[in-house]
Amino acid sequence: MSRRCEICGKEPLVGHSVSHAHNLTKRRWYPNLQRIRVIESGTVRHRRVCTSCIQAGKVQKVSSVKTEVST
């Protein structure tokens with residue numbers, strides 16, 4: 001499973017950690033991914049979504065409280 005947002009495609013960034021002596025070592029910055037339940041085309045699915053997409057409202061989360069539907 002890749003560390004990638006399924007909505008916006010945000011992936012890890014690559015760079016260097018820089019010590020005080022300016023020694024460079026490779027490192028990665030990972031996106032803040034959360035596994036949430038999402039309503040997608042009328043069905044409930046689990047998706048790995050970054051927090052910026054959740055905050056921006058690009059996904060519709062399933063509420064944890066079940067509501068009764070009057071019929």
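No value in this document is a laboratory result; all are computed from the given coordinates. In this text, all values refer to a predicted model and were calculated from it rather than measured experimentally. Note: ideal-geometry Cβ built from the backbone for every residue, glycine included; neighbour counts use all protein chains shown.
Which order results if K58, K10, K26 are arranged by neighbouring Cβ count within 10 Å, fewest first? Please list the in-between numbers first.
On the way: K58 13, K10 18, K26 8.
Neighbour counts put them in this order, fewest first: K26, K58, K10.
What spacing in nm lies between the two simple spin-label points modelled at V62 and R27, each 7 Å away from Cα in the Cβ direction?
The modelled label-to-label distance comes out at 3.7 nm.
Sum -39500 (n - 2.57) across every DSSP H segment of at least 4 residues in the chain, then divide by the residue count to get the 222 nm mean residue ellipticity, nearest 500. It would help to have the intermediate numbers written out before the result.
Working: 1 runs with 6 residues, N = 71.
Roughly -2000 deg cm²/dmol at 222 nm, from the helical runs in the chain.
Starting from the Kirkwood radius over alpha-carbon pairs of the chain, derive D by Stokes-Einstein at 4 °C in a medium of 1.567 mPa s and give it in µm² s⁻¹. Don't skip to the answer; put the middle values down first.
Numbers: Rh = 14.7 Å.
Estimated via Stokes-Einstein, D reaches 88 µm²/s.
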